[in-house]
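First comes the structure, then the notes that go with it.
The values are calculated or read from the model by the stated rules, or taken from the named source; none is laboratory data. Just so you know, these numbers come straight off a predicted model, no measurement behind them. Counting neighbours? That spans all protein chains shown, and the Cβs are built from the backbone with ideal geometry, glycine included. Please note that ligands, DNA and RNA were not included when accessible areas were found on the heavy atoms of the full protein model with its side chains. Shrake-Rupley method; radii C 1.70, N 1.55, O 1.52, S 1.80 Å.
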Amino acid sequence: QVQLVESGGGLVQAGGSLRLSCAAYGNIFGINVKGWYRQAPGKQRELVAVFTSADSTNYADFVKGRFTISRDNAKNTVYLYMNSLKPEDTAVYYCNGARGFTPLWGQGTQVTVSS
């Protein structure tokens, strides 16, 4: 069994920064931790930033220039550095991964940005 565990969410003022972490635990053989999605109340889950290959990334337009995704393969951990946060960034942020074609999701971490 494998788990994706997010951490680092919280309450921050507009213009502030947060760092989210996602670590894979358990039977991590063959696990690919890809990146981050988010879901705001009443909205569909949407892509934030993901690794599309070992060296390539894909960012949603609304976070380009503000968020950065990185990873530490030795720790099986993916990070999301969020700067210049806006109230519209308020959402539950989910870590996404896969084993083969089987998708994996974390439990989510709440990010709340106050104006």
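With a 1.4 Å probe and all protein chains left in place, how much accessible area per residue does the chain have, in Å²? Provide the component values of the computation, followed by the final result.
On the way: 6330 Å² over 115 residues.
That works out to 55 Å² for each residue.
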Per DSSP loop assignment and a cutoff of at most 13 other beta carbons within 10 Å, the chain keeps its longest run without exposed trypsin sites (Lys or Arg not before Pro) at 65-115
Test of understanding: extend the Cα→C-beta vector of residue 57 to 7 Å, then name every residue of segment 29-46 with backbone N under 14 Å from that spot. 34-37
Can you tell me how much longer the chain between residue 66 and residue 84 gets when fully stretched, taken as 0.36 nm per residue apart minus their C-alpha distance, in nm with one decimal? 5.9 nm
Taking the Cα centroid of segment 1-77 and of segment 98-115, what is the distance between the two, rounded to the nearest whole Å? 7
Please give me, ordered by residue number, the chymotrypsin sites (Phe, Trp or Tyr not before Pro) of segment 1-68 that lie in loop per DSSP and have at most 15 other Cβ atoms within 10 Å. 29
